[in-house]
Amino acid sequence: MVENTTKKDSVLKTAVFAGGCFWGVEELMHRLMGVEEVITGYTGGKTGSPSYEQVKTGETGHFEAVRIRYNPQEISYEILCKYFLEIHDPTQKEGQGPDLGSQYRSAIFYLNEEQRCTAEKLLNLLRERGLDIQTRLIPFRKFWIAEEYHQGYYRKHNTQPYCHFRVKRF
């Protein structure tokens, strides 16, 4: 089956972030101009095609993450990274807010050398400002889409993120 793509789809780029519960990251990233799609899912672990029930045990090694498709003509990867590092606490180890566990770790999954360099530069800048950064920088391998009930969670339930909010760091 051939997938239909528009000209706009061909210019879109991908970013992958993990910053605690993926519901909050998804909701806040989705609000940015130039972000076309945010999908919740799992990445970084050893289990193929993981389910939420498996990931929440902490035994798969996976992070709850978001895959973002964005238009680089409207928003840069650097701006996305900065915003990501401001909407969660990159200094918290093994969790985010009240959500504790390895699945809630903070990470930037880079898809190429340019993304790696950009993310590394921003993480080092925060370290130079005295922050004990726990956000990991990890090469992207595979992303598994989370179950449908996780997609657009806050929009479906007309609520707001409880442990994600913006703190200006840049």
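Tell me the mean residue ellipticity at 222 nm calculated for the chain from its helices only (DSSP H runs of n ≥ 4, each -39500 (n - 2.57), averaged over every residue, nearest 500).
On the way: 6 runs with 50 residues, N = 170.
Rounded to the nearest 500, it is -8000 deg cm²/dmol.
Quote the relative contact order of the stretch 8-157 in percent (integer), defining contacts as alpha-carbon pairs under 8 Å separated by 6+ residues.
Numbers: 295 pairs, mean separation 48.8, N = 150.
The value is 33 percent.
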If I model a spin label as a point 7 Å beyond the Cα along the Cα-Cβ vector, how far apart are those points for residue 31 and residue 149 in nm?
2.6 nm
Can you figure out the FRET efficiency of residue 53 with residue 170, using R₀ = 35 Å and their beta-carbon distance, to the nearest 0.05?
0.40
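Loop only by DSSP, 13 or fewer other Cβ within 10 Å of the Cβ. Give me the GluC sites (Glu not before Pro) in the stretch 98-152 that pass, ordered by residue number. Walk me through the intermediate numbers first.
On the way: sites: 113, 114, 120, 128, 147, 148; in loops: 147.
Those satisfying the criteria are 147.
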Report, in listed order, any pair from 121/156; 56/93; 56/121; 56/168; 56/156 with a Cα-Cα distance greater than 28 Å.
121/156; 56/121; 56/168
I need the shape label for the chain. Rule: rounded when a/c is under 1.5, else prolate if a/b > b/c, else oblate, with a, b, c from the alpha carbon gyration tensor.
rounded
Karplus (6.51, -1.76, 1.60) ³J(HN,Hα), θ = phi - 60°, over the stretch 36-50, in Hz, Gly and Pro reported as x:
8, 7, 10, 10, 8, x, 10, 7, x, x, 9, 8, x, 6, x
Give, as ranges by residue number, the residues of the stretch 100-144 whose backbone N falls under 16 Å from the point 7 Å along Cα→Cβ of residue 69.
143-144
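What area, in nm² and to one decimal, does the C-alpha convex hull of the stretch 74-170 cast on average over all directions? Please list the in-between numbers first.
On the way: hull surface 29.7 nm².
Mean projected area for the stretch 74-170: 7.4 nm², to one decimal.
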Could you give each residue of the stretch 29-34 its phi-based ³J(HN,Hα) in whole Hz, using Karplus coefficients 6.51, -1.76, 1.60 with θ = phi - 60°, and x for Gly or Pro?
5, 5, 6, 6, 5, x
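Using the Cβ atoms and a cut-off under 12 Å, what net charge is assigned to the surroundings of residue 103, where Lys and Arg are +1 and Asp and Glu are -1?
Details: positive: 56, 105; negative: 53, 59, 64, 94, 99.
Around residue 103, the surrounding residues sum to -3.
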Can you compute the modelled spin-label distance between residue 11 and residue 46, with each label point 7 Å from Cα toward Cβ, in nm?
4.4 nm
At the level of C-alpha centres, the distance separating the stretch 140-154 and the stretch 53-97, in angstrom, is 12 Å
For the stretch 52-57, Karplus couplings with θ = phi - 60° (6.51, -1.76, 1.60), whole Hz, Gly/Pro x
4, 4, 6, 4, 5, 6
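Laboratory data are not the source of any read-out in this text; all were calculated from the coordinates shown. What you see is a predicted model, and the numbers here were worked out from it, not measured in a lab. Every residue, glycine as well, gets a Cβ built from its backbone with ideal geometry; the counts of neighbours run over all protein chains shown.
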